[in-house]
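What follows is a set of notes on a single structure, which appears directly below.
The values are calculated or read from the model by the stated rules, or taken from the named source; none is laboratory data. Remember, it's a predicted structure, so these values are computed and weren't measured experimentally. Here the Cβ is made from the backbone with ideal geometry for all residues, glycine too, and neighbour counts use every protein chain on show.
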Amino acid sequence: MKEDFYDILGINKGASDAEIKKAYRKKAIEYHPDKNPGDKTAEEKFKKAAEAYEILSDPDKKARYDQYGHQAFEGGGFGGGGMNMDDIFSQFGDIFGGGGFGGFGGFGGGGRQRRVKGSNLRIRVKLTLEEIANGVEKKIKVKRKIQAPGTTYKTCGTCNGSGQVTRITNTILGRMQTATTCSTCGGAGQTIDHRPAEADGQGLKVIDETVSIQIPAGVEDGMQLKVSGKGNEAPGNGVAGDLLVAIEEQDHPELQREGNNLHYDLYISFSEAALGASREIDTVSGKVRIKIEEGVQSGKILRLRGKGIPSLNGYGKGDLLVHVNVWTPKTLNKEQREFFEKMSKDDHFRPNPESGDKSFFEKVKDMFS
Ligand SMILES: [Zn+2]
């Protein structure tokens, strides 16, 4: 009877990711072979803890284990022999952070086996400006290969599990030894022992899976996000590839993005320019009412601070720049024509820019300084 993975790590079924990691870290340090030289019991416990962590740290495997118990992995490469030491040490970067476990490296003296990685998957995600401004969780359906339940793997007989074969050839310079990837197992060190009818030649099958992707605020068109381990699974002890998510930004009907700033073209009438107005405009966080002072000039730029896009690194936000355009009517009726003819004789209507009324180019210069 196989021991329960939660019992091995000494945690409850409801343990969080952080608790699982912490529990494993403790066991890994306690039973580490460098601390317990020659102690077979400690080594066994060390391996068991690693195996438990391998399953419980992976949301998919954990879900399978929670539902089916050890049967979920019976003969699937995790059931019988458990993990080898190289697999365990390759996990450590994840647990102890880059090189934090350096002192223990090189266990077993070289010959570390390369783990085969599943292929990456690529998808595109279309986002609205609002989603980019606020961050969003997207649930995306992907077709990915997983190890078909019931597939069993065995150590490759050609390379004895190393994934490499050494060839000795006689050349005019003497005997030469070259190591090449084993052609029987493709470098995986394992071959299929048994596979169900639905599995392909590697023991994999394609499933539809809904992957939840957390998209941070501030991303840009053309950026690529990586969801680790959500690509195709690899056969045997291999690690799953990644899911690469390309960001596509949809055009907004009213707002134009420029870096983290947004631009909005506001059109007001002659009368509104003369009398002042209050107008509602679109922003990425809903509608906002702005006040236009009487006597505003066409070309004026109103800056709404912090109403732009947050920067991806989490520090600061861009602004929303509202460009005021005074709309000139293209046709006039008789009465209107008479009114404007009368006004054009009035000195008060003659352009008379003061020093405070900057030209358009001066304003643009100010905006970027
Ligand atoms: Zn092989």
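General observations
- Being among the polar types (S, T, N, Q), without any contact (Cβ under 8 Å) to a residue 60 or more places away in the chain and more than 26 Å from residue 133 (Cα to Cα) is a description that does not apply to residue 278.
- Filter pass, residue 2 being at pLDDT below 85 and surrounded by fewer than 18 Cβ atoms within 10 Å (Cβ to Cβ): yes
- Each residue in the range 222-249 was checked for being surrounded by 13 or more Cβ atoms within 10 Å (Cβ to Cβ) and more than 16 Å from the ligand (Cβ to nearest atom), and 18 pass.
- Residue count for the range 284-324 under the criterion of being closer than 17 Å to residue 271 by Cα and exposed (fewer than 14 other Cβ atoms within 10 Å of the Cβ): the result is 4.
A quick yes/no check of all residues on (1) touching a Cys at 6+ places or on another chain (Cβ under 6 Å); (2) over 30 Å from residue 309 (Cα atoms):
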position	(1), (2)
123	no, no
143	no, yes
182	yes, yes
187	no, yes
191	yes, yes
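- As a summary of the residue check, residue 130 satisfies the conditions (1) within 16 Å of the ligand (Cβ to nearest atom); (2) over 23 Å from residue 229 (Cα atoms); (3) at pLDDT 85 or above except for the one numbered (1).
- For the range 249-261, taking the residues that are in contact (Cβ under 8 Å) with a residue 60 or more places away in the chain and part of a strand (DSSP E or B), the one that is farthest from residue 228 (Cα to Cα) is identified as 255.
- Selection from the range 8-46 of residues that are in contact (Cβ under 8 Å) with a residue 60 or more places away in the chain and not aliphatic (A, V, I, L, M): 21, 24, 25, 32, 33, 34
- Residue check, residue 246 part of a strand (DSSP E or B) and under 30 Å from residue 208 (Cβ atoms): yes
- Test for residue 216: is it surrounded by 21 or more Cβ atoms within 10 Å (Cβ to Cβ) and out of contact with any Lys or Arg (no Cβ under 8 Å at 6 or more places or on another chain): no
- Verdict on residue 322 being within 18 Å of residue 258 (Cβ to Cβ), touching a residue at least 40 places away in the same chain (Cβ under 8 Å) and in a strand (DSSP E or B): yes
- Here the range 198-219 is the region considered, the condition is being part of a strand (DSSP E or B) and acidic (Asp, Glu), and the residue that is nearest to the ligand (Cβ to nearest atom) is 209.
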